[in-house]
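J.: Below is the structure I would like to discuss, written out as structure tokens.
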Amino acid sequence: TTNLGFVKKIAKIFNFKNNSITKTYFDEFFKDKPAPRTKCCWLDTAKFRKEFSRGILRPIEASLKDFKKQIEKSEVQPISL
């Protein structure tokens with residue numbers, strides 16, 4: 001999944017308007033940032049899955065749905081300044 005694809009999945013699960021998501025290019029997004037960024041980097045989970053079993057990592061959609069449920073259950077507390 002690309003970063004854009006991930007954000008679109010979040011928007012869909014949380015019922016955000018899809019038109020608020022716009023595509024941008026890597027160089028444009030990270031220009032003027034203090035630290036350089038790598039264009040191609042990802043987390044390889046092969047070793048983790050081998051050590052801890054295949055069933056422990058779930059699909060992104062399932063995890064996002066669970067996260068949404070947790071947020072909906074939590075009670076919003078006002079911030080005291």
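The values are calculated or read from the model by the stated rules, or taken from the named source; none is laboratory data. Keep in mind that this is a model prediction, so the values were computed, not measured. We place every Cβ from the backbone using ideal geometry, glycine too, and count neighbours over all the protein chains shown. These area figures cover heavy atoms from the full protein model, side chains too; ligands, DNA and RNA do not enter into them. Shrake-Rupley method; radii C 1.70, N 1.55, O 1.52, S 1.80 Å.
J.: State the number of residues belonging to the range 1-35 that are in contact with a helix residue (DSSP H, G or I) (Cβ under 8 Å, 6 or more places away or on another chain) and modelled with pLDDT under 85. Break it down stepwise before answering.
T.: Step one: list which residues in the range 1-35 are in contact with a helix residue (DSSP H, G or I) (Cβ under 8 Å, 6 or more places away or on another chain), which gives 1, 6, 8-14, 16-18, 20-21, 23.
Filter once more, keeping what is modelled with pLDDT under 85: 1, 17-18, 20.
Number satisfying all stated conditions: 4.
J.: Moving on. Could you check, for the range 12-28, whether at least one of its residues is surrounded by 10 or more Cβ atoms within 10 Å (Cβ to Cβ), touching a residue at least 40 places away in the same chain (Cβ under 8 Å) and of a type in the set (Val, Ile, Thr)?
T.: Checked the range 12-28: at least one residue is surrounded by 10 or more Cβ atoms within 10 Å (Cβ to Cβ), touching a residue at least 40 places away in the same chain (Cβ under 8 Å) and of a type in the set (Val, Ile, Thr).
J.: Output the residue which, of all residues in the range 36-46 that are within 24 Å of residue 58 (Cβ to Cβ) and open to solvent by 90 Å² or more (accessible area, probe 1.4 Å), is modelled with the highest pLDDT. Even if it seems obvious, please write down each step before you answer.
T.: Looking only at the range 36-46, we keep the residues that are within 24 Å of residue 58 (Cβ to Cβ), and these are 41-46.
Checking which are open to solvent by 90 Å² or more (accessible area, probe 1.4 Å) leaves us with 41-44.
Values: 41: 77, 42: 78, 43: 81, 44: 86.
Among those that are within 24 Å of residue 58 (Cβ to Cβ) and open to solvent by 90 Å² or more (accessible area, probe 1.4 Å), it is 44.
J.: Starting from residues that are open to solvent by 80 Å² or more (accessible area, probe 1.4 Å) and of a type in the set (D, E, K, R), keep the ones in the range 47-62 and report whichever is modelled with the lowest pLDDT.
T.: 54
J.: Let me ask something else about it. Of all residues in the range 32-61, which are within 18 Å of residue 4 (Cα to Cα) and either assigned to a helix (DSSP H, G or I) or without any contact (Cβ under 8 Å) to a residue 12 or more places away in the chain (or both)?
T.: Selection gives 37, 38, 40, 41, 42, 43, 59, 60, 61.
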